[in-house]
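The structure appears below as structure tokens.
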């Protein structure tokens with residue numbers, strides 16, 4: 001049954017992910033697109049875009065939208081999709097929440113211990129690897145298009161990516177502003193032509 005699978009899958013993702021939302025992206029994509037085939041790569045890219053644009057932690061937002069989409073794609077109604085969204089969100093935070101209560105007590109007691117500092121040194125490297133895997137995952141045809149399908153759209157996507165990177169890293173522009181500007185450009189380049197051709 002999909003609800004049990006959702007609960008187990010996101011429970012597993014929650015317990016094995018260190019480093020926040022971006023570190024979760026590769027694991028969530030692997031589970032919902034590759035392993036369980038609850039959604040397509042394009043649907044996952046859309047879920048991720050919505051998760052990044054809405055307020056709240058990326059990992060929980062992604063779990064919420066992925067849970068809803070998975071249940072609806074399995075043929076259930078929208079209210080059951082809401083149940084799937086709740087279940088995925090709840091299960092992705094359940095074990096990390098319990099673990100943090102336990103670990104915080106231990107850390108406060110042994111925070112100067114060499115073993116604890118060594119563990120965190122290793123975890124930092126793991127987190128960098130998980131975030132790098134997510135970055136590579138997002139460098140896909142679903143996000144950037146393909147030069148063989150539409151060279152113009154591909155070039156625009158690359159230019160938006162480079163511009164946002166430079167504006168964020170070098171000029172320290174607000175992420176909210178960059179999301180809004182990128183959304184407007186994306187709509188003008190991709191959405192508007194499709195709307196006009198549909199009429």
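A short reminder: the numbers here are calculations on the coordinates, not readings from a lab. In this text the structure is predicted, and so the values were computed from the model without any measurement. Cβ placement follows ideal geometry from the backbone for every residue including glycine, while neighbour counts extend to all protein chains displayed.
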Q. Mean projection of the alpha-carbon convex hull of segment 2-112 over all orientations, in nm²?
A. 7.3
(Q) Show me the ranking of peptides 43-51, 173-181, 76-84 by mean Cβ neighbours inside 10 Å, starting with the highest. (A) 43-51, 76-84, 173-181
Q. What do you get for Rg/Rh over the chain if you use C-alpha atoms and the Kirkwood form of Rh?
A. 1.02
Q. What number, rounded to the nearest 500 deg cm²/dmol, is the helix-based mean residue ellipticity at 222 nm of the chain, given -39500 (n - 2.57) per DSSP H run of at least four residues and division by all its residues?
A. -25500 deg cm²/dmol
